[in-house]
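These notes are about the structure you will find just below.
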Amino acid sequence: MRSLSPRATRGVLTYGNLSFPCVLGFNGRRVDKREGDNASPIGTFALRSARYRPDKLLRPRTGLTIRPTQRDDGWCDTPRDRNYNRPVRLPYPARCEKLWRDDGLYDAMIILDHNERPRVHGGGSAVFIHIARPGMTPTEGCIALERHHLLRLLEAIGSQPSVVQIVIPA
């Protein structure tokens, strides 16, 4: 990523020859992402899989492994838990991000390989590409796109290993 300020909350997500405006965390972006810092990680990330709300969308076309989100899907964000930064079933004894949300942000989402291999406890969890809030307001550390851009990105992703780059315009 490039930026005039590490606290910039807008950027451009690039996948192949596609580029989409994106919104980042409230506290910009960081190389040393930490749990709860409300910053987006800097880097190039592999796209692991996708999820969608079957009651809100038809199954998006994509080369990624994609599965419908269930009401009991969660993502553990408790650094000391053995399932930190991994999907879990709710209810779960540790703090988790609910993937079935009422606000529509996770109606479609892409799971990135951030802090996956190796997984560092406290290194940031549940960093996804998801649908942006109205007005493209900052996230808690994810990368967000307008709904139609996220669906276009999913459609463009083939079955070969894929990476996405997030750039902050200078």
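Name the pairs: first residue in the stretch 5-24 and modelled with pLDDT under 90, second residue surrounded by 14 or more Cβ atoms within 10 Å (Cβ to Cβ) and of a type in the set (G, A, S), Cβ to Cβ under 6 Å, at least 6 apart or on different chains?
Pairs that qualify, where the first residue is modelled with pLDDT under 90 and the partner is surrounded by 14 or more Cβ atoms within 10 Å (Cβ to Cβ) and of a type in the set (G, A, S), are P6/G28; R7/G28; A8/G28.
What number of residues within the stretch 99-126 are surrounded by 15 or more Cβ atoms within 10 Å (Cβ to Cβ) and of a type in the set (K, R)?
The total comes to 1.
Any residue in the stretch 76-103 that's farther than 17 Å from V127 by Cβ: show its pairings with residues that are loosely packed, with under 15 Cβ neighbours inside 10 Å at Cβ separation under 6 Å, as long as the two are six or more apart or on different chains.
R89/D72; L90/D72; W100/R71
Quick check on the stretch 15-32: of everything there that is within 14 Å of the chain's Cα centre (by Cα) and of a type outside the set (A, V, I, L, M), which residue is nearest to I131 (Cα to Cα)?
C22
Please indicate, with yes or no, whether at least one residue in the stretch 19-37 is exposed (fewer than 13 other Cβ atoms within 10 Å of the Cβ) and farther than 24 Å from P87 by Cβ.
Checked the stretch 19-37: at least one residue is exposed (fewer than 13 other Cβ atoms within 10 Å of the Cβ) and farther than 24 Å from P87 by Cβ.
The values are calculated or read from the model by the stated rules, or taken from the named source; none is laboratory data. These figures come from a predicted structure and were not determined experimentally. Virtual Cβ from ideal backbone geometry, glycine too; neighbours counted across all protein chains shown.
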